[in-house]
Amino acid sequence: MSEYRIFLCQVIFTFCLPATAFPQTAVQGRDSLPTDIASCLSKATQARTKNNIEDEQRLLEHAETLTGTDSEVAQVQKRLALIDWRHHQRHDAARERLKRAGNGPDPTMAWFTLTELELTARNYEAAAKAAAQAKKTADSEFLRVHAKLAINKTAVRAAMDRRRQGKLAADTSLLEIMNDLRETVSSESGHLETSRVLLQAALLLDDGDAALLGWRSYFHVVPGSPMPNAIAKAGNIIQNILPDWSEAEATVDTRIRLIHALGESRLFAEAELVALDPRADERVRENPRVIELMAYARIVRKLREEVDDFYRLLSLRKTHPSKLDQLLNRAWNELWPDLHEPGSKTAPRGKKLTQILATRFGTDFTVGETGGFYSLHMGHIVIDETRSVTQYGYSGDMRFVSLDNMVSNGFWTWMRGANSTGGWAKPGAMWQVRPAYASEPLNVWRELHSEKEVARFEKEIIAENARDDARARENPHAYLPGLNKRLTKQALFRILDELKKKGFEGEELRKTFITHLEHALQESSIFAHEGRHVIDGVVPASLRPTNPEYTAKLSEVAFAPEPRLALSNLIGPSIGNSTNHGKANLRVMKGIVKWMSEKKGEIAGLDMKRPLLPQADLLTDQQIKAVFRWLDPLAKGK
C-alpha cells in the first residue's frame, strides 16, 4: 500500500485480502490521557488509524476540557462532529459543533463538512446555505473554487432529485450554474467532480455542447485523441449525438442511443436523467436496454447508501461481515427481473453473476478483507488492457483494469473520508481506481498556486518539524508528519522549478505539470508497486517474499520517476500497525535508518547528534533510490 498525501489531497493504495474476523484494538487506559490538547489530537489520529472510534472520541472529548490555541479548539470540534455524524448519526449534535467551528479560525472546512452532511440527508436548502458560508469564509482562491463547486453541486443534486420525481427540474438558476460550470471547465479541464456536475446540469437543460464538454473533461479526452478502450465505442456515439442534441428535435431512436451510450460509458445516473425526462416519448422507457440501465442506476444508488451504513456499523463493531453479503444478494435479486435473463427468478452467484454484470454494465467487484475490515470494492471498467512489467531482469505480463464510477471503495476509504483506496492486485492482474488519481494533480496545482494554502502548509511544516525529533527519540522508526510534508514540498517545487527552467509558462506549464504528476503517481504506485506483485509471482521460490507488500514498496520507490514523492507516501500513521502494510512500512523505516547510519559520511549536512530518520530529506533522489535497491534481495548484484 502506498500512501499519497499531497497537500490537502490524500490517496491510500491497498491490496485486498481474504476475509477474517474483526481486528481488535485495545482502548487506551484513562490514566494515560494526555495533559495537552496537541497530544490529544495526535493520539486521537493514531486511534483513528486503528479504527478505535471509542478511544478517538474519548481523547477528543478530553481535549475539549483542555486549553489550546483557537485553531486546536476548532479542530477538536470538527473531528467530534465527524464522529457524531458519520459514526453515530447524531446529526443535530454534529451541526452544532460544525457551526461553532465555522465561527472560529480556518472555518471553511467546517462549512464544507456541513454541506456534505446536509447533502447526504437531502436537505438541499440547508446544504446551499452551508456552501454559501464556505464561499464567504474562504480565504484563498483554492478554497473559493471548491466552495463554488459545493454551491453548484448542491443545486444540481436537487434538480436531479426533481427529475427522478418526474419533474422537468430545470429553471433559470440552473442555467446560471451550468454556465458557471462551463466557464470553469473550459478554462481548467480535467477535474472529475466539476466535469461530471457540468455534464449532469447540461443534460437536464438539453445543452449538448456543454454536456460534451463535461463528458470529454471527465474522461480527459481531447478531440481526435484515443479514448479509454473499454468505453471507446460509446464515446464515439456520444461525440456524434451531443453536438446536435436538442430535446425538442430528438427522435425516440436518438434519445435511446444517447441513453445506451451514457450507460456504456458507465455514467448510469446520467443515462437515467435522460430516460426520466417527462417530455420523452414512453417508447423510450419501454426499450429493454433502457429498462435495465434505469434499474441498475436505481439499485446502485441504493446499494451505495446501504454499504456506507454497513461501514458505519462496522466501525462501531455493531454488525457482522455477513451483512454485506446479504446486502449484495438482495441488490442482485432486485435487479434480476429487469435483466430478462432466462431461467431462475433469482440472481445466480459466483462467476456467472460476475460475467453477466461485467457484460451488461462493465461492473467489476471484489468482496473481502482490506486492511483488516470486510469491504466491497465495486466500480466499472473503463480501461482493460495488457501491460508488461520488467524489474531487475524479471518480466511478466499483467492485465491492467481502470475502474470508474465507484459504488464502494472499501471500508478504509469510507473511514478516512479524504483518502481513497487507489488499487489492488491479484496474480497476473491489477486494478486502478481512476477517481483516486484523475483529479489529484489538478488539486495539487491549485494549491501550489494559492499563497494562502502554501503559507498554511509551511506553517504545518514548522509545527511538525519541532515535534519530529522528539518523536524519533522516543521511537527511531516512528511516523514523522514533518518529514512527510518536507519531502512532499521538496518534490513538488522541484518539478515546478524544472518545468519553468525548460521554458514552460501559463497554460502549457499547468498542463505539463499535471501530466507529469499524474504519470509519476501512476508509475510508482501502480506499475512499480502492483507490478512487483506480478514479478514476485515469476521469480524463483527462494526469492519470493513472506510479506509481498514489503517488496512492492521497495519497487514503488526504487522505480519511481519522483522518488521523494514516493518515499513521502510510505511515511504515514500506518507505520508499525498490525497489517501487512504497517509491518512493511516499519521495516522500510528501519532499513532507511540502517542505511543512513552505515553511509553517514556520504550524506551532506547530516547531524549525528540528532535522530537519523527526521533527516531523511537530506538524501538526494539518487540516494533514496539506492536505499531501496540496497534493501531489495532482487537487486543484489544488479
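General remarks:
- The set of residues in region 365-381 being open to solvent by 10 Å² or more (accessible area, probe 1.4 Å) and either hydroxyl-bearing (Ser, Thr, Tyr) or not in a strand (DSSP E or B) (or both) consists of Thr366, Gly371, Gly372, Tyr374.
- Thr390, sole failed condition from (1) more than 16 Å from the chain's Cα centre (by Cα); (2) open to solvent by less than 20 Å² (accessible area, probe 1.4 Å): (2)
- Region 84-97, residues that are assigned to a helix (DSSP H, G or I) and in contact (Cβ under 8 Å) with a residue 24 or more places away in the chain: Trp85, Arg86, His87, His91
- Checking each residue in region 612-629 for being among the polar types (S, T, N, Q) and either assigned to a loop (DSSP other than H, G, I, E, B) or closer than 16 Å to Arg587 by Cβ (or both) picks out only Thr620.
- Residue in region 459-474 that is under 19 Å from the mean Cα position of the chain (by Cα) and in a helix (DSSP H, G or I) present: no
- You will find that of Trp412, Trp424, the residue that is open to solvent by 10 Å² or more (accessible area, probe 1.4 Å) and modelled with pLDDT under 95 is Trp412 and no other.
Quick grid of which residues meet (1) in contact with a Leu (Cβ under 7 Å, 6 or more places away or on another chain); (2) under 14 Å from Glu270 (Cβ atoms); (3) not hydrophobic (A, V, I, L, M, F, W, C):
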residue: Asp161; (1), (2), (3): no, no, yes
residue: Leu168; (1), (2), (3): no, no, no
residue: Ser173; (1), (2), (3): no, no, yes
residue: Thr184; (1), (2), (3): no, no, yes
residue: Ser187; (1), (2), (3): no, no, yes
residue: Gln200; (1), (2), (3): yes, yes, yes
residue: Leu203; (1), (2), (3): yes, yes, no
residue: Asp206; (1), (2), (3): no, yes, yes
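- Test: residue in region 167-177 that is part of a helix (DSSP H, G or I), open to solvent by less than 30 Å² (accessible area, probe 1.4 Å) and within 24 Å of Met109 (Cβ to Cβ): yes
- In region 101-121, the residues that are open to solvent by less than 10 Å² (accessible area, probe 1.4 Å) and of a type in the set (Val, Ile, Thr): Thr108, Thr115
- Qualifying residue in region 445-452 (condition: among the hydrophobic types (A, V, I, L, M, F, W, C), open to solvent by 10 Å² or more (accessible area, probe 1.4 Å), closer than 23 Å to Ser217 by Cα and assigned to a helix (DSSP H, G or I)): yes
- Residue match in region 12-31 (condition: surrounded by fewer than 22 Cβ atoms within 10 Å (Cβ to Cβ), in a helix (DSSP H, G or I) and at pLDDT below 90): yes
- Which listed residue is at pLDDT 95 or above and more than 30 Å from Ala232 (Cα to Cα), from Leu357, Leu328, Leu314: Leu314
- Those helices (runs of 4 or more DSSP H) lying entirely in region 208-267 with at least 2 residues β-branched (Val, Ile, Thr) and open to solvent by less than 30 Å² (accessible area, probe 1.4 Å): 232-241, 252-264
- When Asp139 is tested against (1) within 30 Å of Arg182 (Cα to Cα); (2) in contact (Cβ under 8 Å) with a residue 12 or more places away in the chain; (3) part of a helix (DSSP H, G or I); (4) not polar (S, T, N, Q), just one condition goes unmet, and that condition is (3).
- Number of the exception - Ala250 against (1) in contact with a Ser or Thr (Cβ under 7 Å, 6 or more places away or on another chain); (2) free of Cβ contacts under 8 Å to residues at least 40 places away in the same chain: (1)
- Residue within region 167-184 that is in contact (Cβ under 8 Å) with a residue 60 or more places away in the chain and over 24 Å from the mean Cα position of the chain (by Cα) present: yes
- Single residue of region 268-280 satisfying the filter (of a type outside the set (Val, Ile, Thr) and assigned to a helix (DSSP H, G or I)) that is surrounded by the fewest Cβ atoms within 10 Å (Cβ to Cβ): Ala269
- Only one of the numbered conditions (1) touching a residue at least 24 places away in the same chain (Cβ under 8 Å); (2) open to solvent by less than 30 Å² (accessible area, probe 1.4 Å) is violated by Tyr124, and that is (2).
- Looking across region 274-299, the residues that are small (Gly, Ala, Ser) and at pLDDT 95 or above come down to Ala275, Ala295, Ala297.
- Top-ranked residue of region 348-378 - restricted to ones that are free of Cβ contacts under 8 Å to residues at least 40 places away in the same chain and small (Gly, Ala, Ser), ranked as farthest from Ser578 (Cα to Cα): Ala358
- Region 379-399: number of residues that are without any contact (Cβ under 8 Å) to a residue 40 or more places away in the chain and closer than 30 Å to Leu267 by Cβ: 2
- Residue check, Leu586 in contact with a helix residue (DSSP H, G or I) (Cβ under 9 Å, 6 or more places away or on another chain) and modelled with pLDDT of 95 or more: no
- The residues of region 281-321 that are open to solvent by less than 10 Å² (accessible area, probe 1.4 Å) and more than 23 Å from the chain's Cα centre (by Cα), listed by number, are Val284, Val290, Leu293, Ala295, Tyr296.
- Residues in region 141-166 that are open to solvent by 10 Å² or more (accessible area, probe 1.4 Å), among the small types (Gly, Ala, Ser) and more than 29 Å from Asp106 (Cα to Cα): Gly166 only.
The values are calculated or read from the model by the stated rules, or taken from the named source; none is laboratory data. Bear in mind that the values here come from a model prediction, so they are computed numbers and not experimental data. Glycine gets a Cβ as well: all are built from the backbone with ideal geometry, and neighbour counts include every protein chain shown. We work out accessible area using only protein heavy atoms, side chains counted, and drop any ligands, DNA or RNA first. Shrake-Rupley method; radii C 1.70, N 1.55, O 1.52, S 1.80 Å.
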